[in-house]
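The numbers here are math on the coordinates, done by the rules we state, and not lab data. Worth saying up front: this structure is predicted, and the values here are computed from it rather than measured. Using ideal geometry, Cβ is built from the backbone for each residue, glycine included, and neighbour counts are taken over all protein chains shown.
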Amino acid sequence: MMNAPHRIAPAWFPFGLPDGRGRAVLFAFHHAGGAASFFHGWRDHPLLADVDVCPVELPGRGRRFAEVATTGVDGLLAGLVPALCSAVPAGRPVILFGHSLGSLIAFEAGLAMQARGLPPSALIASARRAPQLPTPRPWRHSMSDMMLVGELHRLGGTSDEVLESEELLELFLPAIRADFALTETYALRAGSRIGCPVLALRGEGDPEVSAADVDAWEEVCGSRFARADLPGDHFYLSQPSVLADVLTRLRRHAGLA
């Protein structure tokens with residue numbers, strides 16, 4: 001695949017396309033209610049100095065706020081996968097990292113890239129149950145606004161500025177509902193397995209994801225599997241020391257150590 005110099009960064013990659021100088025390309029997928037900016041600091045992290053870090057922005061989120069948020073995985077993949085495949089510089093291995101909802105999207109994107117002959121070299125699934133496990137009810141995307149805001153307060157990861165403003169909530173809740181619909185209505189296709197090594201992670205204090213939920217990622221992994229519990233809750237990545245541990249594990253699992 002040619003790394004054409006005239007390529008224009010599509011909306012999926014708000015911080016630019018991989019420049020081809022890194023040993024690998026890392027596509028990072030954000031959590032429900034998040035945005036690509038969640039990973040912006042990774043681009044300058046010393047543990048990723050030799051990696052092209054490319055956070056992915058979903059429609060209706062972040063800089064793509066004016067677009068309609070997608071509520072189904074198939075519809076999302078229709079635009080996302082061609083963008084991912086065309087963004088990979090020739091000969092560079094691809095690492096997929098997802099946090100929470102992002103883990104599901106990374107997994108499905110990896111399956112699609114695998115089918116297109118561009119399999120990822122590693123998948124890191126952070127803070128989400130394995131894709132074959134259904135989301136327990138009640139589903140958040142169908143909650144009342146008041147109940148949903150209460151859930152967002154409990155989960156963390158959404159700024160107080162948004163949660164305490166009626167005007168901002170009116171703007172952001174539709175995209176947040178769409179994110180929850182993506183993960184809650186998802187059903188794994190029978191027989192789906194990703195061929196690359198998988199590293200599954202969770203925070204020890206995460207009320208959303210149990211150790212068994214993480215262990216179950218091995219069932220959809222056709223290669224080497226590893227898992228780890230880390231200090232913290234659902235958003236353990238916000239702790240610098242834990243993030244350094246995660247990125248060290250990422251490097252080792254992706255063969256960059």
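Values as computed for the structure displayed
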{"item": "Peptides 241-248, 193-200, 101-108 ordered by average Cβ neighbours within 10 Å, highest first", "result": "101-108, 193-200, 241-248"}
{"item": "Expected 222 nm ellipticity per residue - DSSP helices of 4 or more, -39500 (n - 2.57), all of the chain, to 500", "result": "-10000 deg cm²/dmol"}
{"item": "Cα Rg, Dmax (largest Cα-Cα span) when computed across the stretch 101-154, Å", "result": "15.1, 45"}
{"item": "Label-point separation in nm, residue 248 to residue 165, each point 7 Å along Cα→Cβ", "result": "3.9"}
{"item": "For the stretch 206-211, 3J(HN,Hα) per residue [Karplus equation, 6.51 cos²θ - 1.76 cosθ + 1.60, θ = phi - 60°, Hz, x = Gly/Pro]", "result": "6, x, 8, 10, 8, 4"}
{"item": "Computed FRET value (nearest 0.05) for residue 146 with residue 50, which takes r as the C-beta separation and R₀ as 35 Å", "result": "0.15"}
{"item": "Cα centroid separation - the stretch 108-143 against the stretch 8-40, whole Å", "result": "18"}
{"item": "Once the Cα gyration tensor of the stretch 24-248 is diagonalised, semi-axes √(5λ) in Å", "result": "25, 19, 19"}
{"item": "The stretch 164-221: C-alpha pair distances exceeding 12 Å, %", "result": "77"}
{"item": "Rg to Rh, two decimals, where the stretch 39-162 supplies the alpha carbon set and Rh follows Kirkwood", "result": "0.98"}
{"item": "Three-way shape label, the stretch 200-249, alpha-carbon gyration tensor, a/c 1.5", "result": "oblate"}
{"item": "Theoretical gain in end-to-end length, residue 190 to residue 211 [0.36 nm per residue, Cα-Cα removed]", "result": "5.2 nm"}
{"item": "Residues whose placed amide H lies under 5 Å from that of residue 24, excluding near-sequence neighbours", "result": "52"}
{"item": "Residue-by-residue Karplus 3J(HN,Hα) for the stretch 41-56, coefficients 6.51, -1.76, 1.60, Hz, glycine and proline x", "result": "x, 5, 5, 10, 6, x, 6, 10, 4, 9, 10, 7, 8, 10, x, 9"}
{"item": "Relative contact order of the stretch 24-248, defined on C-alpha pairs under 8 angstrom at six or more residues apart (%)", "result": "20"}
{"item": "Spatial separation of Cα centroids for the stretch 159-212 and the stretch 49-89, in angstrom", "result": "16"}
{"item": "Theoretical FRET efficiency, 1/(1+(r/R0)^6), r = Cβ-Cβ of residue 133 and residue 90, R0 41 Å, to 0.05", "result": "0.65"}
